[in-house]
Structures are given as C-alpha cells and as structure tokens.
Amino acid sequence: MNTLSLIPEDASVTASTFYTTALSQRELLYDLRHCSQEHLLSTDYIVLDPSAESDFKAYASPGRDNGCEALTLLLEKQGYEPYAEAGDLIILHRSR
C-alpha cells in the first residue's frame, strides 16, 4: 500500500514539492515551498520530505538545522501529530 493513500481523498493537504504530483487530484493542495503559513496551518494533513532542504528555507535558523525541525515543532504546537512514516516521507495530521 502506498503511504500517501492513507490520507483520506477529501482531506486538504500541504506537501513537500516532490509529493505534490502524486497528490495532484486533491481538491485542496498546497506546495510547502510556496504556500503561506496561514494556508499551511489550515490543512488537515502535511506531507514532509526532510531531505528536501529547499522546502524548509522559510523555517531555517542560521547555524541550526535546515528548517525541518523548526517546522515540525511549529506544527506540533499547532495541534499536528505524527500520522504515518515511510522512508523519507513523514505525514502529520491536525488533531484539533
């Protein structure tokens, strides 16, 4: 089973650029690299590829990680929880 297929068909999604093609049939889909924080935090599921450093530049701090860790902490504070993982793929779901 494809890990992305675990996301309900009618769910809104923000995804790392690499995964947007696979999710392109979604009614509401944002590309992480190009969406606002408001749009990011309005979606039901977030699909991250931690190796896609350019996707996290907006969340990076000088001398720290590439921004993925900072983004993950922000998402957890906003009520997102781990949903599924496979290889470099991390899916978070908004629980509240």
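Data for the structure
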{"read-out": "Within the range 1-22: backbone nitrogen closer than 14 Å to the residue 78 label point (7 Å, Cα to C-beta)", "value": "12-16"}
{"read-out": "Between 0 and 90°, nearest 10: helix 68-77 axis offset from the chain longest Cα axis", "value": "70 degrees"}
{"read-out": "Lys/Arg +1, Asp/Glu -1 at C-beta; the chain dipole; positive extreme among 79, 17, 6", "value": "79"}
{"read-out": "Candidates 73, 23, 41, ranked by Gaussian network fluctuation over the chain, Cα under 10 Å, top entry", "value": "73"}
{"read-out": "Most mobile listed residue (82, 62, 50) in the chain, GNM with C-alpha springs under 10 Å", "value": "62"}
{"read-out": "Added length on full extension, which subtracts the Cα-Cα distance from 0.36 nm per residue, residue 27 to residue 9", "value": "5.6 nm"}
{"read-out": "Ranked by how many other beta carbons lie within 10 Å on average, peptides 30-36, 10-16 from highest", "value": "10-16, 30-36"}
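FYI, it's all coordinate maths here, none of it is from the lab. What you are looking at is a predicted structure, and each value in this text was computed from that prediction instead of being measured. No Cβ is skipped: glycine too gets one built from the backbone with ideal geometry, and neighbour counts run over all protein chains shown.
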